[in-house]
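Chemist: Sharing a structure with you now.
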Amino acid sequence: MPHALPDLHQLRDTLLAHPEQRVAMLEAAKTASLSPANSHTYVSSPRPALDAALASARQGLRPAGPLAGLPISVKDLFDVAGQATLAGSVVLQGAAPAAQDCPAVARLRAAGGLMAGRTNMSEFAFSGVGLNPHHGTPMNPADAAVPRIPGGSSSGAAVSVATGAAVVGLGSDTGGSIRIPAALCGLVGFKSTASLVPTAGAVPLSTTLDTVCALTRSVRDAVAVHEILSARPVRPAFVPLSARKLAVCRTLMQDDLAPEVAQAFERSLHTLSQAGAHIQDIELGDILDLAAINATGGFSAAESWTWHRQWLARQGQDYDPRVALRIRRGADMSAADYLDLVQARREWMARMARQLAGIDAVLSPTVPMTAPPMADLVQDDSAFFKVNGLLLRNTSVVNMLDGCGLSLPCHAPGKLPVGLMVWHAAMHDDKVLDVSLQVEAALASTPAAPALH
């Protein structure tokens with residue numbers, strides 16, 4: 001279902017027709033950013049940037065560029081000139097301010113984005129849940145009655161966009177850190193092929209898997225922001241949905257779905273079929289090999305241990321214990337283990353590419369659940385790691401594939417958000433975005449069916 005708040009395109013069109021609305025838009029973003037809904041969203045307030053932009057707007061200045069001077073939040077993973085990059089930690093407190101913007105921030109700024117606030121995140125981006133014991137955890141705005149997790153690691157980025165404080169949330173995705181919060185908060189999150197956007201100036205989790213990307217309120221916004229971040233145009237194929245060859249992965253990705261996720265997913269497939277899409281089942285049995293491939297710890301453990309080992313030796317007590325535990329798994333990996341992992345992944349990717357040949361995109365539930373209540377996961381390690389594993393299960397397949405994937409909302413109005421993931425292998429980004437535009441349009445144009453029981 002479309003997001004209740006206007007997307008970037010709508011706001012930009014309004015400014016073109018009514019430039020005097022800029023002050024009201026910035027005031028609304030400022031009010032949202034300071035509201036209780038965003039009490040743990042930011043580690044650095046967006047207020048100074050918004051106040052400066054408001055002063056300029058009142059003088060009649062009109063920022064140019066595709067982002068039109070609208071507020072963009074920046075995950076606390078990225079260098080912004082003059083600000084310290086802490087990656088959601090306390091370990092890096094006292095770090096020198098960045099000398100320059102990282103490439104992603106520089107590109108957004110050059111496109112007219114207003115860098116407004118550094119957003120909270122899972123410490124060092126190492127969790128799909130979104131909890132942060134140092135700075136508090138942003139609450140999922142989808143449920144005002146029950147505090148629920150926002151998803152991570154780009155937790156604050158998602159909440160900033162979902163509440164209206166920002167129109168775009170810059171984040172990262174190593175195992176699902178853009179698509180998971182998109183699914184749980186009712187947003188669009190696009191993870192591109194990793195090599196398309198520079199990762200320089202970002203604190204690394206896995207140099208192999210890290211991807212710089214963003215959260216938005218619509219697929220067309222995701223296309224526009226990806227064009228900015230990747231510095232290249234997206235080229236749509238201009239073919240109807242009925243000419244698309246779509247596949248549904250039945251291996252692993254639909255195991256243990258919450259009933260509301262299964263209902264939303266099947267309802268979406270029915271709607272797409274009614275709109276003319278050709279959808280076939282595909283097994284992709286090689287997905288089951290990933291458990292063995294990653295048995296020694298995987299890329300994130302090995303590569304994060306390389307970056308963190310000296311910090312852990314000096315300040316291990318200052319880490320989130322759950323994050324430190326996962327990083328330390330990399331200490332037990334040998335050079336042979338790592339090289340075996342690299343080779344096994346290369347061979348696995350080749351097998352998967354052969355199975356995906358001739359398919360335009362694969363459709364899967366982004367995550368197998370709606371956002372669970374936060375309280376149990378804060379207190380219970382076993383519950384936390386179980387939920388974290390389930391949240392990462394589907395999305396991390398795309399990262400291991402070096403692929404691209406987009407999560408878009410597919411839930412019925414009044415229900416907790418559910419994400420539909422459109423995905424493929426590396427360098428199929430334009431096709432995934434093109435199909436996602438068509439999927440979003442088809443789901444939006446069909447009246448929501450009543451919930452199945």
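Chemist: Quick one: count up the residues across segment 19-46 that are open to solvent by 50 Å² or more (accessible area, probe 1.4 Å), in contact (Cβ under 8 Å) with a residue 40 or more places away in the chain and closer than 25 Å to Ala84 by Cα.
Modeler: So the answer is 4.
Chemist: Does any residue of segment 408-416 turn out to be closer than 25 Å to Ser230 by Cβ, touching a residue at least 40 places away in the same chain (Cβ under 8 Å), open to solvent by less than 10 Å² (accessible area, probe 1.4 Å) and outside any loop (DSSP other than H, G, I, E, B)?
Modeler: Within segment 408-416, one or more residues are closer than 25 Å to Ser230 by Cβ, touching a residue at least 40 places away in the same chain (Cβ under 8 Å), open to solvent by less than 10 Å² (accessible area, probe 1.4 Å) and outside any loop (DSSP other than H, G, I, E, B).
Chemist: Pairs, please: C-beta under 9 Å, at least 6 apart or cross-chain, first residue under 10 Å from Val80 (Cα atoms) and among the acidic types (Asp, Glu) and in segment 100-113, second open to solvent by less than 30 Å² (accessible area, probe 1.4 Å) and in a helix (DSSP H, G or I)?
Modeler: The qualifying pairs are Asp101/Leu108.
Chemist: Mind listing whichever residues of segment 1-27 are of a type in the set (A, V, I, L, M) and closer than 28 Å to Ser445 by Cβ?
Modeler: Residues satisfying the conditions are Met1, Ala4, Leu5, Leu8, Leu11, Leu15, Leu16, Ala17, Met25.
Chemist: Another one. Could you list all residues from segment 283-313 that are aliphatic (A, V, I, L, M) and over 11 Å from Ile327 (Cα atoms)?
Modeler: Listed by number, the residues that qualify are Leu284, Ile287, Leu288, Leu290, Ala291, Ala292, Ile293, Ala295, Ala313.
Chemist: Further question: From the residues in segment 84-110 that are open to solvent by less than 10 Å² (accessible area, probe 1.4 Å) and small (Gly, Ala, Ser), which one is farthest from Ser172 (Cα to Cα)? Steps first, answer last, please.
Modeler: From segment 84-110, those open to solvent by less than 10 Å² (accessible area, probe 1.4 Å) are 87-89, 91, 102, 104-105, 108; that's our starting set.
Subset that is small (Gly, Ala, Ser): 87-89, 104.
Working: Ala87: 11, Gly88: 13, Ser89: 16, Ala104: 11 Å.
Looking at residues that are open to solvent by less than 10 Å² (accessible area, probe 1.4 Å) and small (Gly, Ala, Ser), I get Ser89.
Chemist: I've got another one for you. Considering only segment 337-371, how many residues are over 24 Å from Gly389 (Cβ atoms), touching a residue at least 24 places away in the same chain (Cβ under 8 Å) and in a helix (DSSP H, G or I)?
Modeler: Residues flagged as over 24 Å from Gly389 (Cβ atoms), touching a residue at least 24 places away in the same chain (Cβ under 8 Å) and in a helix (DSSP H, G or I) within segment 337-371 amount to 3.
Chemist: Right, another one. Only one residue in Gly330, Gly298, Gly316, Gly285 is surrounded by 12 or more Cβ atoms within 10 Å (Cβ to Cβ) and closer than 30 Å to Gln438 by Cβ, so which one is that?
Modeler: Gly285
Chemist: A further question follows. What are the residues in segment 1-18 that are open to solvent by 40 Å² or more (accessible area, probe 1.4 Å), at pLDDT 95 or above, within 17 Å of Thr163 (Cα to Cα) and in a loop (DSSP other than H, G, I, E, B), if any?
Modeler: Leu5, Pro6
Chemist: Still on this structure, I have one more. Given the conditions (1) of a type outside the set (Ser, Thr, Tyr); (2) in a strand (DSSP E or B); (3) touching a residue at least 40 places away in the same chain (Cβ under 8 Å), and given that Asp281 satisfies all but one, which numbered condition is not satisfied?
Modeler: Among (1) of a type outside the set (Ser, Thr, Tyr); (2) in a strand (DSSP E or B); (3) touching a residue at least 40 places away in the same chain (Cβ under 8 Å), the lone unmet condition for Asp281 is (3).
Chemist: Residue by residue through segment 79-128, note down the ones that are touching a Lys or Arg at 6+ places or on another chain (Cβ under 9 Å), outside any loop (DSSP other than H, G, I, E, B) and among the aliphatic types (A, V, I, L, M).
Modeler: The answer is Met115, Ala116, Ala125.
Chemist: Could you tell me whether Asp402 is in a loop (DSSP other than H, G, I, E, B) and either under 26 Å from Thr296 (Cα atoms) or of a type in the set (Phe, Trp, Tyr) (or both)?
Modeler: The answer is yes for Asp402.
The values are calculated or read from the model by the stated rules, or taken from the named source; none is laboratory data. These numbers were taken from a predicted model, which means no experiment stands behind them. So basically every Cβ, Gly included, is an ideal-geometry build from the backbone, and we count neighbours across all protein chains shown. Only protein heavy atoms, including side chains, enter the accessible area calculation; ligands, DNA and RNA are left aside. Shrake-Rupley method; radii C 1.70, N 1.55, O 1.52, S 1.80 Å.
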